[in-house]
1. Give me the number: length gained by fully extending Phe311 to Ser83, i.e. 0.36 nm times residue separation minus the C-alpha to C-alpha distance, one decimal in nm.
2. Using the Cα centre as the reference, give the magnitude of the dipole from point charges on the C-beta atoms of the chain (Lys, Arg: +1; Asp, Glu: -1; all else neutral), rounded to the nearest 20 debye.
3. Distance between Cα centroids, the stretch 1-52 to the stretch 169-184: provide it in whole Å.
4. Positive end of the dipole of the stretch 218-306, charges at C-beta (+1 Lys, Arg; -1 Asp, Glu), about the Cα centre: which of Phe253, Val277, Ile243 has its Cα farthest in that direction?
5. In nm, give the distance between the simple-model label positions of Gln58 and Val94, each being 7 Å from the Cα along the Cα-to-Cβ direction.
6. At 222 nm, what value in deg cm²/dmol follows for the chain if DSSP H runs of at least 4 each add -39500 (n - 2.57) and the sum is divided by all its residues, to the nearest 500?
7. Just reorder Cys158, Cys12 by solvent-accessible area, largest first, 1.4 Å probe, all chains present.
8. Return the carbon/sulfur percentage of the accessible area of the stretch 100-233, one whole number, probe 1.4 Å, all protein chains in place.
Amino acid sequence: MVSNLAVRDFRCFAKLEVEFHPEYTFIVGQNALGKTSLLEAIAVLTRLQSPRTNSMAQLIRFGAKSFVTDGYVSGYHLQYYYSPSRRKMALDSVEQKKPASYVDVARVVYFANSDIDLIRGPGDGRRRFLDFIGAQVFKTYREVLRSYEKALGSRNRCLKMVPPRPREVAAYTKPLLHFGHQLTALRAFLIERLEPYFADAFAAVSDRGEPSSVRYRPGATTDFERALQESAGEEHRLRVTLIGPHRDDFQIFLSSRAAEVFASEGQQRTAAIAVKVAQAKMLELEFKKPPLLLLDDIFGELDLARRNRLFSALPSGGQRLITTTHLDWLNSAPPGKMYRITEAADGAKVLSTAG
């Protein structure tokens, strides 16, 4: 549970402080006022990851040099400072050299209106989803991912050199293979564990009895080393690593047909929500407590029946922070806090208690 949040120079916020209810907090406002950025700041504070981008530099407010997120989560004081030249995280005012203890404080599920891209969008969004949940489930995931990305980046730089540097490329191929195999195994196991929760969640939210499944699409064959060797000629022509987990993907199937091709938009949106509900259920059972739920303006896109089924499918007892442009869809307000976000004459974003 997050009890409060303070940010400085994060996205559109020069400065913001807000307190949250242990059950429900609603943040109401028009689009482009920072509702999504507020939830993103909580994800960054708790997970040291954004569910929206892989680049922390994009989160720094225009004209600023760094950002700060600060808050109390499950009784712990978390602080995270980022600039392009320095990163600092502190747990109960003690600086942490490694993130393990820091990120163990909270598990988070981020629902967004853009989640439909998990079904029909490009693969980088699905990989970001796998990384966001994988880092919460497996203690080694973050380190393996960073090591693979480091080897990949170094190898690609060598491929771009003129003249070619085959020895340098070969030197980085070894760690690429080593960490690539580990990352593939973790992601495959993650999808395997997620699938039954997804099937249950889709059935609960759609209420159609339609069979559903998730399939992992690895970016390399089982013989990763051989695949790299076979792609060497094309690699040197394009000067980039073509095979590996950086091309991983997964695919949703409804009634044994690919959802991105054959499903209606309503089915695709339901499937995307079911993926996130499955994540929440898996985290709840894995860690014996419900995760923090960040729900960013998703209810307005659902009909009344789906809204109610979604509420019923979510883990019970967890904290829910919900952004929305309006509350017309809410039949009766549950216990909690309600804020309205507006823009002042000077462009500053203002958060005030709503009645």
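The values are calculated or read from the model by the stated rules, or taken from the named source; none is laboratory data. Here the structure is a predicted model, which means the values were calculated and not measured. As a convention, Cβ positions derive from the backbone with ideal geometry for all residues, glycine included, and neighbour counts pool all protein chains shown. Note: accessible area is taken over every heavy atom of the protein model, side chains too, but ligands, DNA and RNA are not part of it. Shrake-Rupley method; radii C 1.70, N 1.55, O 1.52, S 1.80 Å.
1. Full-extension gain reported as 78.3 nm.
2. On the way: 50 positive and 39 negative charges, 229 e Å.
So the dipole magnitude of the chain works out to roughly 1100 debye.
3. Value for the Cα centre distance between the two parts: 37 Å.
4. Of the options given, the answer is Val277.
5. Placing both labels 7 Å beyond Cα along the Cβ direction yields 3.5 nm.
6. Values: 11 runs with 147 residues, N = 355.
That calculation yields -13000 deg cm²/dmol at 222 nm.
7. Numbers: Cys158 10, Cys12 50 Å².
The ranking, largest first, comes out as Cys12, Cys158.
8. Values: 3470 of 6600 Å².
On the stretch 100-233, the fraction of accessible area on carbon and sulfur atoms equals 53 percent.
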